[in-house]
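The values are calculated or read from the model by the stated rules, or taken from the named source; none is laboratory data. Since the model is a prediction, treat every value here as computed from it, not as a measurement. All Cβ positions, even for glycine, are placed from backbone atoms using ideal geometry, and neighbour counts span all protein chains on display. The accessibility values were calculated without ligands, DNA or RNA, using every heavy atom of the protein model including side chains. Shrake-Rupley method; radii C 1.70, N 1.55, O 1.52, S 1.80 Å.
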Amino acid sequence: MEVLNACYVPSFNKNIITSTYITTKPIFFNFNSLKPNTKFSSKSKLFISPTQNLSTTEESIPLPTESEKFDWYSHWYPLMFVCDLDKNNPHSKTVMGIDVVVLWDQYENAWKVFDDICSLSDARVYPTIVHHDIVWFWPNSDPRYKDIFATSKPPFIPELANPSYVKQSIIRDMPYGFEVLVENLLDPAHVAYAHNGLMPTIQLKEKVDHEGGRPLNLRVEKLNKNGFIGKVEGETTKFMAPGIVSYYSGPLEDQGNDFASSPGTRIPQSSSKKLRRFATIFICIPVSPGKSRMLMIFAKNFSLWVDKIVPRWLFHIGQNLIVDSDLLLVHVQEQRLKVVAPAHRQKAYFVPTKSDAFVVSMRKWLNKYADGQVDWKGKFTGDLPPTPPRKKLMDRYWSHVANCSSCSSAYKGLNVLELALQVICVISVGIVGCTYLDSVLGATRATLVYTAILCFLASRFLAYFIYKSFHCHDYDHAFRAWPTLLNAVSVAPRCKGLQVLEIALQVISILSAGIAVCAYPSLISPTVRFAIASTAILCFFASRYLGYFIYKSFCYHGYDHAFRGQQNLVTFLKELFS
């Protein structure tokens with residue numbers, strides 16, 4: 001499965017802009033204008049794989065019987081990875097429009113899920129189970145489901161239960177709906193375009209187009225109420241209703257028509273020990289209209305040492321980068337498609353090729369068994385939330401970092417490191433500026449100066465890295481959006497107002513330090529030298545406080561009743577050393 005090797009995040013790629021690359025970028029089309037025997041032509045040599053028998057009109061979808069209807073409230077839904085939960089704190093989540101909270105029950109020594117209300121004594125308790133190191137819950141608190149785990153368990157994924165596999169996991173809240181998220185993940189053809197340069201793809205001797213896109217011969221098998229199995233270039237894709245999408249680097253053992261409810265999808269043991277295998281599992285969760293959640297797990301049985309060396313949070317930076325690369329596109333397209341009824345959305349775009357077989361099959365399943373959309377039980381009107389500002393749309397902190405124990409720890413640690421670098425800078429300047437020339441050797445003085453300058457520059461780059469990696473990353477295809485020094489320099493001209501003042505104070509601080517350290521004794525008196533060094537220190541602390549003030553005033557302010565939420569020196573010092 002080289003196309004999706006370590007498959008980070010495929011993307012919903014029904015592009016609004018018409019493209020000649022029909023294989024991977026379908027055209028929005030008015031089906032009512034088509035006439036019988038209409039012929040399509042394209043200048044692209046990618047237009048060579050027309051899909052057969054993939055019509056998605058209502059006439060081609062037989063109505064299911066009552067027993068075939070998909071019940072959204074009779075399935076297990078995941079909440080969070082156990083490794084990201086804190087036994088001392090509650091964790092609030094929304095699933096299927098139900099607000100719940102995950103708590104550790106110290107008496108029963110188990111995780112429990114309750115209604116997220118003020119009084120837990122009045123809250124409903126949901127059936128809860130830990131499976132594959134994930135906390136799952138049953139979204140129905142009726143007493144008859146109290147022991148539902150005795151008859152029904154969450155889907156079994158053998159790679160996640162196999163100790164010979166190493167697993168990397170990540171959770172991310174998405175600013176678009178469940179249906180387009182699943183459709184997004186079932187579209188491997190878009191990878192060369194939406195994630196160009198971010199994911200490994202098959203390198204062809206002759207490129208079909210500039211981005212490296214090519215026809216994909218996707219085949220779908222066994223579509224039923226439980227989902228479907230698909231094939232692509234000898235690899236296997238599996239959709240398990242309602243929202244598990246898995247990619248496997250090899251064939252699966254035949255499980256019959258009820259594969260999605262079977263114990264697993266194993267290959268023969270005789271061959272499994274000889275193969276380098278990996279699996280990419282995406283678990284999609286309906287949250288509310290226009291919002292969803294995705295749990296991603298990457299399992300492999302080779303190069304196990306890499307995961308022991310690379311920290312989990314560093315792995316997440318790469319994953320979030322790929323998610324961000326088409327996040328805006330998916331969100332905007334969902335907004336534009338909302339005017340079309342769910343059962344008729346197949347008429348909004350034209351998908352004539354085999355590269356779209358998985359997407360078409362998913363829509364067939366949704367229309368046939370689930371009336372074309374998630375059943376919200378009347379909790380919502382069906383309207384999508386308005387598009388937030390771009391910066392909020394691309395937010396990483398609340399959509400991921402706050403829900404990830406590894407990234408939260410790294411975020412705090414890197415902030416401490418940034419502060420430490422700035423303190424070293426100030427101390428170095430203070431030592432040089434406040435000591436007599438005869439008491440410090442020239443080589444030592446120069447070393448302290450260089451240390452101050454390097455620590456200052458390192459702290460500035462680290463601040464940029466922290467912001468881009470843990471707060472907001474507005475994806476830039478030109479730079480592949482990696483936090484590099486070139487990106488950090490390019491951001492400077494876009495700073496405004498108080499941010500310019502903050503940078504100016506830091507520049508004055510470093511210049512004052514340089515003058516105090518490097519000026520000859522005959523040029524400035526000790527009093528002037530001391531004044532310049534003091535200016536450097538004061539400007540440094542002023543820039544730090546101004547940075548805190550800017551963040552609290554214009555980015556995010558967690559109100560603290562104890563301090564009335566004011567941006568004063570006391571709260572600054574309190575948060576600085578917390």
Number of the exception - V135 against (1) over 30 Å from R390 (Cβ atoms); (2) among the β-branched types (V, I, T); (3) modelled with pLDDT under 95: (3)
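Tally the residues that are open to solvent by 70 Å² or more (accessible area, probe 1.4 Å) and part of a loop (DSSP other than H, G, I, E, B), restricting the search to the stretch 351-410. Please lay out each step first, then the result.
Applying the first criterion (open to solvent by 70 Å² or more (accessible area, probe 1.4 Å)) to the stretch 351-410 yields 371, 373, 377-381, 383, 386-387, 389-392, 398, 409.
In the following step, the residues that additionally are part of a loop (DSSP other than H, G, I, E, B) were identified as 371, 373, 377-381, 383, 386-387, 389, 398.
Selection size over the stretch 351-410: 12.
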Residue list for the stretch 335-375, restricted to those being over 26 Å from R219 (Cβ atoms) and modelled with pLDDT of 90 or more: V374, D375
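The rows are residues; the columns are (1) open to solvent by 60 Å² or more (accessible area, probe 1.4 Å); (2) farther than 21 Å from K225 by Cα.
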{"position": "F81", "(1), (2)": "no, yes"}
{"position": "E159", "(1), (2)": "no, yes"}
{"position": "K167", "(1), (2)": "yes, yes"}
{"position": "D173", "(1), (2)": "no, yes"}
{"position": "V180", "(1), (2)": "no, no"}
Qualifying residue in the stretch 184-203 (condition: open to solvent by 10 Å² or more (accessible area, probe 1.4 Å) and modelled with pLDDT of 90 or more): no
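Go through the stretch 117-194 and tell me which helices (runs of 4 or more DSSP H), entirely inside it, have 1 or more residues that are over 26 Å from R396 (Cα atoms). Reasoning before the result, please.
Numbers: elements: 158-161, 178-185, 191-194.
Once the helices (runs of 4 or more DSSP H) in the stretch 117-194 are filtered for at least 1 residues that are over 26 Å from R396 (Cα atoms), what remains is 158-161.
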